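None of the figures in this text is laboratory data; all of them are computed from the coordinates on show. Being a predicted model, the structure only gives us computed values, none of them experimental. Glycine also receives a Cβ, built like all others from the backbone with ideal geometry; neighbour counts cover every protein chain displayed.
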Ligand SMILES: [Zn+2]
């Protein structure tokens, strides 16, 4: 998976802030959806790699129960985790048992569970 992430990272559009990120979302049937971050001159118009992958999967008809894990990679010295905007999107469209596996520059692997990163979160239950 690390090699796939390294290759995918080349597609990141990160000319403004120079922070390329690659994400692969794996589903229960083995299918994978790839995302990279897309930076724009106005920061709010861009998108993170995690939401890019998630929204592609949703557009292809995948559902919450299909999502098993996401793999993340950047060139950061410290393994990255989803930002809080992405965490909100993941909470709304993935199970809290979603695995989040991050690779560091040196292939150091860290594993998390979405629920562990997002305890006491806002969700659709709050809208009722
Ligand atoms: Zn994000």
Next on the checklist: Just checking: which of the strands (runs of 3 or more DSSP E) contained wholly in the range 1-88 hold 3 or more residues that are touching a residue at least 60 places away in the same chain (Cβ under 8 Å)?
Outcome noted: 67-74
Next on the checklist: If I go through the range 28-52 residue by residue, how many of them are surrounded by 13 or more Cβ atoms within 10 Å (Cβ to Cβ) and in contact with a helix residue (DSSP H, G or I) (Cβ under 6 Å, 6 or more places away or on another chain)?
Outcome noted: 8
Next on the checklist: Quick test of your reading of the structure: residue 101 fulfils all but one of (1) out of contact with any helix residue (DSSP H, G or I) (no Cβ under 6 Å at 6 or more places or on another chain); (2) surrounded by fewer than 17 Cβ atoms within 10 Å (Cβ to Cβ); (3) within 23 Å of residue 2 (Cα to Cα). Name the failing condition by number.
Outcome noted: (2)
Checklist entry - Just checking, which of 72, 90, 25, 81 is within 15 Å of the ligand (Cβ to nearest atom), closer than 21 Å to residue 105 by Cα and in contact with a helix residue (DSSP H, G or I) (Cβ under 6 Å, 6 or more places away or on another chain)? => result 25
Checklist outcome for this item: residue 121 meets each of (1) surrounded by 14 or more Cβ atoms within 10 Å (Cβ to Cβ); (2) within 15 Å of the chain's Cα centre (by Cα) with one exception, condition (2)
